[in-house]
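Asker: Next up is a structure, given as structure tokens.
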Amino acid sequence: MSRKTIFYIVFFAVLVIGFYTTMSFLVPGFGTSRVEPIGKVQPFTFSNQDGGIVTEQDVKGKVFVAEYFFTTCKTWCPIMHNNMKMVYDRYKNENDFLILSHTSDPATDSAARLRKYADSLNVNTSKWIFLTGTKDSLYKQARYSYRIDDPNNNPLSSDVDFIHSQFFSLVDKKGVVRNIYEGNQKGDVERMIKEIDVLLKEK
């Protein structure tokens, strides 16, 4: 390789690095997540595993993962929560991160039942919160805020009576849904963790 060729390679490499560095200072968000927004979290009011009230104000300014499950589930849910435990263990000491697990079966999953389930996972419920509420409000949030009741991330008909979703919805600090992940696929959850790292750095 000639000295001239080497010179041009080094020159353009320095040029690209300089451009990226300059744009990072001049353009807010440049070089951070480039995932297109999917949706926006709508106002909500649910009860947690201790009977306390949780609203959208409690997650304001936080990066969080939202998912739906039910305590009597024996198929997807144990796999999903095994993978979610990996997420929890990584971020359990991160002040700007939460996990919201909503029940799909509020008729069965009372606050007390959710508390028992949380205890079985041995998690801090100030970081991994389990939520119940009216079926209508829970399903509305799943369909129109988190967009996790369909493989193509499109809301199903409101006539569908039960949501059994394997998807995790990742929400940024501004309440914007940034991506949807397969909660029962370890590789996809690992990909989500990388995106969480990026979102936590955003202001």
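Asker: Rounded, prolate or oblate for region 39-201? Axes are the square roots of the Cα gyration tensor eigenvalues, ordered a ≥ b ≥ c, and the cut-off for rounded is a/c under 1.5.
Answerer: On the way: a/c = 1.22, a/b = 1.11, b/c = 1.11.
Taking the square roots of the gyration eigenvalues as a ≥ b ≥ c, region 39-201 is rounded.
Asker: Using DSSP to call loops (not H, G, I, E or B), can you name the trypsin sites (Lys or Arg not before Pro) in region 49-120 whose Cβ has at most 16 other Cβ atoms within 10 angstrom?
Answerer: Details: sites: K60, K62, K74, K85, R90, K92, R113, R115, K116; in loops: K60, K62, K74, K92.
For trypsin sites (Lys or Arg not before Pro) across region 49-120 that sit outside H, G, I, E and B with at most 16 neighbouring Cβ atoms in 10 Å, the list reads K60, K74, K92.
Asker: Also, quick follow-up: Counting DSSP beta bridges in region 39-201, what percent are antiparallel, to the nearest 5? Kindly include the intermediate steps, with their values, before the conclusion.
Answerer: Numbers: 15 of 26 bridges.
Around 60 percent antiparallel, to the nearest 5.
Asker: In this model, which of K60/K186; K85/K173; K135/K194 are farther than 26 Å apart at the alpha-carbon?
Answerer: K60/K186; K135/K194
Asker: Separate question: Give me the net charge for the shell around S101: Cβ to Cβ below 11 angstrom, other residues only, Lys and Arg +1, Asp and Glu -1.
Answerer: Details: positive: none; negative: E67, D109.
Net local charge, S101 excluded: -2.
No lab work stands behind these numbers, since they all come straight from the coordinates. Because the structure is predicted, anything quoted here is derived from the model rather than measured. A quick note on method: Cβ atoms are made from the backbone with ideal geometry, for glycine too, and the neighbour counts reach across all protein chains shown.
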